[in-house]
1. Looking at segment 349-400, what helices (runs of 4 or more DSSP H) fall wholly within it and have at least 2 residues that are within 17 Å of Leu434 (Cα to Cα)?
2. Please work out if Ala84 is within 16 Å of Arg11 (Cβ to Cβ), in a helix (DSSP H, G or I) and touching a residue at least 40 places away in the same chain (Cβ under 8 Å).
3. Restricting to segment 197-228, count the residues that are over 27 Å from Ser144 (Cα atoms) and in contact with a Leu (Cβ under 6 Å, 6 or more places away or on another chain).
4. Return the pair list, or none, for Cβ contacts closer than 9 Å from residues in segment 48-67 that are on the phi > 0 side of the Ramachandran plot to residues that are part of a loop (DSSP other than H, G, I, E, B), at least 6 apart or on different chains.
5. Filter segment 8-24 for residues that are within 13 Å of Leu87 (Cβ to Cβ) and in a loop (DSSP other than H, G, I, E, B); which is modelled with the highest pLDDT?
6. Cβ-Cβ below 9 Å, separation at least six or inter-chain, first residue in segment 463-492 and under 16 Å from Asp510 (Cα atoms), second outside any helix (DSSP H, G or I) and basic (Lys, Arg): which pairs?
7. Looking only at residues in segment 25-60 that are of a type in the set (D, E, K, R) and in a strand (DSSP E or B), which one is nearest to Ile478 (Cα to Cα)?
8. Answer yes if at least one residue in segment 211-230 is assigned by TED's automatic domain parsing to the domain that holds Asp352, in contact with a helix residue (DSSP H, G or I) (Cβ under 6 Å, 6 or more places away or on another chain) and on the phi > 0 side of the Ramachandran plot, and no otherwise.
Amino acid sequence: MAGISEEDIQRVREANDIVSVFADHVQMRQKGRTFWCCCPFHEETTPSCQVDPATQLFYCFGCHEGGDIFSYIMKTEDIDFPDAVRLLARRAGIEIHETGKDAVSHSYKTRLREVCAETCEFYHYQLMRVKSPEADAARAYLSSRDLGGEVAKRWLLGFAPGRDALIGHLKKKGYTQKEMIDANVVVSYEGRRPKDRFFNRIMFPISDEQGECIAFGGRVVGTGEPKYLNSQETPLFHKSNILYGLDRAKSAMTATGIAIVVEGYTDVIALHEAGVKNAVATLGTALTKQHIKTLSRHAGKRIVYLFDGDEAGQRAADRALGFIGDSMTPEAGRRRIELTACTLPDNLDPADFVAQRGAEALKSQLDHANPLISYGIDRRLASHDTSTAEGRSAAFADAIGILAPIKDSLLAKDYAVQIASRLHMRENDALAALVHLERFQQGEEAVSERKSNRASGLAAASISKAERNRRRFEAVFIGLCARYPHLALVHADALGQVSWHVPLHAEISDLLLAIIARNPQAKADEIVGAITQKHPNSARVFVDSDAGSGDPEAYARYLAEELALGDMEEAIETYRTKLKDPGAMEQEEYDLLFRTVTSLQKDIASRRLAHKRSII
C-alpha cells in the first residue's frame with residue numbers, strides 16, 4: 001500500500017500475535033488449539049468469539065464480526081488501516097518506514113503529538129513541583145475537590161503559568177513556533193507576538209483512544225471567563241469525535257456493557273476514583289452521532305447520559321433529545337442502541353453526588369435511568385400546566401413531537417397511547433396525530449437497511465439443506481487451502497474449476513490462486529491476511545475450515561471430490577432439462593447430449609462408490 005511497504009506490514013503482523021493482542025483487553029480461554037473470549041463488539045456473558053492462533057484470525061458467532069489483527073485494531077480503535085499498522089508497530093517496538101504524502105502528513109502529526117506530550121509534562125511539573133502563589137492556589141483548589149496528590153499524578157493534571165513560559169520551554173526542546181501554534185498550545189494573533197494559549201489555569205490533558213495526549217482543557221484558577229477553555233480544532237483534535245477519559249474507560253465499558261456520559265472533566269475523574277470506571281465526558285459540545293457510534297462500539301448498546309441537576313444540565317438534556325431515532329427502536333434489531341438518561345437529584349453534579357452519597361447510590365440512580373424517549377416525554381409534560389385544557393393541549397403537542405423520528409415504529413404507537421392516557425385523551429386521537437407528524441430525515445437509511453435485512457433473511461430461509469451443505473463444503477475447502485498453503489498448490493486445478501455457489505468463495509479462490517502463483521512459498525498468515533484485508537467478511541470462511549483432529553490433506557481430498565461430484569450432478573440436471581425438449585435441437589445434437597449424460601452418470605456412479613469408501 002502507498003506509504004507503508006508490504007514488507008513492513010508483514011513484519012508488524014508477525015510481531016503481534018492476535019491472541020496476545022486480544023488478551024490486552026479481554027480474558028482468553030483456550031479450548032483445543034483455539035482461544036475463546038466474550039466478544040469485544042457486543043455485550044455477552046458466554047464467550048462466542050473464537051481467536052485462532054494458526055490463522056491469526058478472529059470470528060464472533062454472535063454478532064458476526066471477524067477479521068485479522070489489523071481489522072481487529074481498526075474496529076476497536078476506530079482508525080484506518082495505516083494507523084492500525086502504526087499502532088501495532090509501536091506496540092511491538094518496530095520502526096516502519098513510510099514514503100509519499102501520507103508519510104509527510106503522518107510525520108508532521110507525530111511532531112504535533114510530541115508537542116502535546118511535552119506540554120503535558122511541562123504543565124504537570126508546574127503543578128507538582130513549582131512553588132508560586134498561582135500554583136499554590138491551583139493545588140488548593142484541586143485538594144478541595146479531592147483531586148490533589150495521587151489523583152493529580154494518575155490523571156497527569158497540570159498548571160499553566162502563562163507568561164510565555166511554555167513557549168520558552170518548547171523552544172529549548174527544539175519545536176518550532178508553527179508546530180506550537182498548530183498543536184494549539186500557543187496562539188498568534190495578527191500583529192501580535194505569539195503567546196501561551198493557557199494562562200493561570202488548571203490543566204486537564206485530553207487523550208485519544210490510545211491514551212496519547214492530543215489536546216487540553218483548562219479551568220481558570222479563581223475567577224475569570226471563560227471558566228473552562230478547551231483546545232481549538234487541530235489536525236489531531238476534533239471535539240465531535242473525542243471523549244474525555246475514553247482511553248481509561250473503554251475496558252470497563254466492554255466489561256459492563258454500559259457507557260456513562262457526563263458533562264465535565266472533574267466528574268469523570270471523581271467517578272473513576274470512586275470505582276465507576278466506565279464514565280466519559282463530552283468536550284464543550286453536545287453528544288454527537290460520532291460519539292454514540294464510538295461508545296456503542298465499546299459498550300455494546302447501552303449508553304447512560306447523566307445530567308447535572310442545574311440549569312445547564314437541563315439544557316444539555318433537552319439537546320440530547322435530538323438523538324432519538326430509528327436505532328432506538330426494536331425494529332433496528334442488532335443495530336439497536338439503548339440510550340437512557342438520568343438527572344441527579346438536589347441539583348448535584350456527578351462529582352458532588354458521589355462524594356456525598358457514594359458510588360453505590362450513584363449506581364442505583366444509573367440502574368433506574370429511563371429510556372431517552374420516556375425521559376424526554378416526562379420532561380416535556382412536566383413543563384406544562386396539565387390542570388387546564390389549554391395546558392394539556394400544549395403538553396400533548398410538545399410531547400408527541402418527540403416521536404416524529406420514529407413515528408413508523410410500534411414503539412412510537414405505544415408511547416403515543418401512554419401520552420394520551422396521562423393527559424386523559426382518546427387513544428385514537430393520539431395515534432392519528434402521530435400519523436400526521438412530519439418524519440425527520442434521520443433514520444431513513446435504517447429503514448432501508450431493515451428492509452434489506454428482512455429480504456436477506458427470507459432468502460436465507462429458502463435455501464435447501466443440500467444447498468447449505470454445498471456452501472459449507474465450499475467454505476471449508478477454500479479455508480483449508482488457505483490455512484495449509486501446500487494444499488492450495490496440490491488442489492490448484494480444483495480451485496480453478498469449481499463452480500462456486502457463493503460469489504465470495506469465487507473471489508477468495510481467485511485471490512488465493514493469484515497469491516500462490518506469485519509466491520509458492522507464501523505462509524498461511526500472509527495469505528489469510530491478504531485475503532481478509534481485501535474481503536473483511538471472509539474471516540468466517542477461515543474459522544469454519546477447522547479439520548479438527550483429522551488429517552487436513554485427507555479432508556481436502558474428500559472435499560475436492562465432493563465439490564467435483566456436485567458440479568457433475570448439476571451438469572447432468574442441466575442436460576436432462578434440455579433432453580426433455582427434443583424438438584428444440586437437431587437429432588445429432590440430441591444423440592450427443594444423451595450419450596454425454598449416460599457417460600457422466602456411469603462416471604459419477606463409480607466415483608461415488610469410491611468416494612464413500614474413502615476414509616476421512
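1. Values: elements: 350-357, 359-367, 372-382, 389-400.
Result: 372-382, 389-400.
2. Considered against the rule, which asks whether it is within 16 Å of Arg11 (Cβ to Cβ), in a helix (DSSP H, G or I) and touching a residue at least 40 places away in the same chain (Cβ under 8 Å), Ala84 comes out as no.
3. Within segment 197-228, residues that are over 27 Å from Ser144 (Cα atoms) and in contact with a Leu (Cβ under 6 Å, 6 or more places away or on another chain) number 2.
4. As it stands, the answer is Gln56/Asn16; Gln56/Asp17, since those pairs meet every condition given.
5. Step by step, filter segment 8-24, then rank; the result is Asn16.
6. Pro485/Lys523
7. Asp52
8. No, there is no match, as no residue in segment 211-230 is assigned by TED's automatic domain parsing to the domain that holds Asp352, in contact with a helix residue (DSSP H, G or I) (Cβ under 6 Å, 6 or more places away or on another chain) and on the phi > 0 side of the Ramachandran plot.
The values are calculated or read from the model by the stated rules, or taken from the named source; none is laboratory data. Since this is a predicted model, take the numbers as computed values, not measurements. FYI the Cβ positions are ideal-geometry reconstructions off the backbone, even for glycines, and counts take in every protein chain you see.
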